[in-house]
Amino acid sequence: MKNTPNFEFEIAAPQPVCGVDEVGRGPWAGPVTAAAVILDPARIPAGLNDSKKLTKARREALFTEIMATATVSIASASVQEIDEINILQATFLAMKRAVEGLEVQPHFALIDGNKIPPNLPCTAQAIIKGDSRSLSIAAASIVAKVTRDRLMCDLSATYPGYGWETNVGYGTKAHQEGLARLGITPHHRVSFKPIHKMLC
């Protein structure tokens with residue numbers, strides 16, 4: 001049976017409860033972006049799922065619906081922060097910022113993955129493959145991905161030649177060719193091995 005997210009984790013948790021997810025751990029360029037979402041049980045958008053399982057058009061449509069019906073906070077950790085404290089700690093930082101930024105402070109957070117970020121302002125539960133199991137985390141995964149994809153597309157206009165408008169900073173062939181031809185930008189993660197090698 002195919003996994004589809006439901007609201008069971010949310011119902012079992014102290015209210016209000018937020019779902020938290022991030023995007024951008026693997027790319028060679030750009031920030032890591034997290035979202036925290038408190039869904040309104042009476043207005044949950046239909047078709048929420050792990051953002052990776054949705055088409056771009058579906059993600060964009062759901063993003064608009066989530067932003068109109070839910071309490072949402074979006075936060076990032078910069079390339080400089082990623083290089084300084086490493087990608088895992090930067091991911092935790094972005095998630096913490098997203099939870100802290102919610103207009104309604106949650107009593108509980110559902111976190112995608114197997115680790116809970118330190119120093120969250122509320123109790124939390126880590127859920128492996130949470131974006132396929134919890135509707136709130138699925139919503140957060142959509143918000144984080146659409147936000148970061150748009151940012152990388154905007155950055156590609158300032159730094160053309162790396163293919164960020166399509167690869168969103170991942171180390172694709174187009175990105176590698178851009179690096180070989182144009183060199184490193186301020187938005188590249190110099191602590192990541194392929195970029196670090198270019199500096200040696």
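Here are some notes:
- Of the listed requirements (1) surrounded by 15 or more Cβ atoms within 10 Å (Cβ to Cβ); (2) touching an Asp or Glu at 6+ places or on another chain (Cβ under 6 Å), residue 153 misses just one: (1).
- Members of region 102-149 that are assigned to a loop (DSSP other than H, G, I, E, B), surrounded by 15 or more Cβ atoms within 10 Å (Cβ to Cβ) and of a type outside the set (Lys, Arg): 102, 106, 113, 116, 117, 120, 122
Conditions tested, residue by residue: (1) farther than 21 Å from residue 78 by Cβ; (2) modelled with pLDDT of 95 or more; (3) in contact with a helix residue (DSSP H, G or I) (Cβ under 8 Å, 6 or more places away or on another chain).
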| site | (1), (2), (3) |
| --- | --- |
| 89 | no, yes, no |
| 93 | no, yes, yes |
| 100 | no, yes, no |
| 105 | yes, yes, no |
| 109 | yes, yes, yes |
| 116 | yes, yes, no |
| 120 | no, yes, yes |
| 125 | yes, yes, yes |
| 128 | yes, yes, no |
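- Out of 121, 106, 117, sole residue that is farther than 22 Å from residue 54 by Cβ, touching a Cys at 6+ places or on another chain (Cβ under 6 Å) and touching a residue at least 12 places away in the same chain (Cβ under 8 Å): 106
- Within region 151-166, considering residues that are in contact (Cβ under 8 Å) with a residue 40 or more places away in the chain and not in a loop (DSSP other than H, G, I, E, B), the one nearest to residue 76 (Cα to Cα): 151
- Among the residues of region 35-70, those identified as surrounded by fewer than 17 Cβ atoms within 10 Å (Cβ to Cβ) and either under 14 Å from the mean Cα position of the chain (by Cα) or not in a helix (DSSP H, G or I) (or both) are 40, 46, 47, 52, 55.
- Scanning region 1-34 for residues that are under 19 Å from residue 117 (Cβ atoms), small (Gly, Ala, Ser), in contact with a helix residue (DSSP H, G or I) (Cβ under 8 Å, 6 or more places away or on another chain) and part of a loop (DSSP other than H, G, I, E, B) turns up just one, 24.
- Each residue in region 169-200 was checked for being in a loop (DSSP other than H, G, I, E, B), at pLDDT 95 or above and out of contact with any Gly (no Cβ under 7 Å at 6 or more places or on another chain), and 9 of them qualify.
- Taking region 171-200 as the range and being closer than 18 Å to residue 32 by Cβ, without any contact (Cβ under 8 Å) to a residue 60 or more places away in the chain and either among the basic types (Lys, Arg) or touching a strand residue (DSSP E or B) at 6+ places or on another chain (Cβ under 7 Å) (or both) as the test, only 193 passes.
The values are calculated or read from the model by the stated rules, or taken from the named source; none is laboratory data. Being a predicted model, the structure only gives us computed values, none of them experimental. Every residue, glycine among them, receives a Cβ derived from its backbone with ideal geometry; neighbour counts consider all protein chains shown.
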